[in-house]
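A quick write-up on the structure given underneath.
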Amino acid sequence: MSTFLTYVILFFFLCKIGTTKDQQKKRILLNDPDVLADRLGRLESLVHSLSDKLQQEETKRNVLEVAFSQLTKSHKISSTYIRWGKQTCPGNDTLLYTGFIGGGLYSEAGAAADAVCLPRNPDFVKTTASQGNVGHMYGTEFETNFFGPKSFDEDVPCSVCEIQDGTQTIMIPGKNTCFNGWQAKYKGYLGSGYYAHTSATTFICVDESPDYIMSGESNSNGKLLYEVIAKCGALPCPPYHEGYPLTCVLCAK
């Protein structure tokens, strides 16, 4: 046998003996009470360290939750809507202001189409305007008795309300109830201008029990409000019905 091969065999034999001795040493150490006590102590120390870190993280989370709660309270979430035909707001909603429904004259072709809620205490800066090159803002009258007893020619108020229990509002024409998850703020009937008048108008939801502006029953015209009826054809009947006045509801969530 060559000397080299002899050395190789001797090397592997010594490695085997060394491995066996290491394993025996480990078994001895594992059975040593002092070694076990030392390892148990290290484990307890690690557990205490992890517990302290967990407590610190919980404290940080509580601080962040308090800060977020305070931030939410200081930056309240709210939205606004107009209650057409009333001088008050429903439920616990906050009244920002009450005023008059304003808009364009029913017979002016260039009149603005939309209605606005004008406040009772306007601010003016200038006292003159361009000669002739202007738009017009009129008050609004009921032009029928449909919306309330003796409502014909009565001037119509409005209210701007702030809602605290939601951030979204929607007016649903043709309904007087809200869908699941939404709360009805008020309901009524759809109002607009007369179909044959020159001025374009928009649809608004007039409260089912409207108020009238005191001493506003004179026939001054201006922007005029009529009930809106369904017209069959492209509008399917049923579910709609020819000539039926359309309801409406303002919903929030």
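Throughout, read-outs are computed from the coordinates displayed, never taken from laboratory work. Since we're looking at a predicted model, the values are computed, not measured. As a convention, Cβ positions derive from the backbone with ideal geometry for all residues, glycine included, and neighbour counts pool all protein chains shown.
Over 18 Å between C-alpha atoms is what I'm after, so list which of 86/187; 185/231; 175/231; 86/185 land there. Don't skip to the answer; put the middle values down first.
Working: 86/187 11 Å; 185/231 28 Å; 175/231 16 Å; 86/185 12 Å.
Correct reply: 185/231.
Highest first, please rank the peptides 202-213, 172-183, 234-245 by the mean number of other Cβ atoms sitting within 10 Å of their residues. If you can, show how the numbers build up before the last one.
On the way: 202-213: 20.2, 172-183: 13.6, 234-245: 10.6.
Most protected by this proxy first, the peptides run 202-213, 172-183, 234-245.
Check cross-link reach from residue 53 to the aspartates and glutamates: straight Cα distance under 17 Å, and skip same-chain residues fewer than eight apart.
Partners found: 44.
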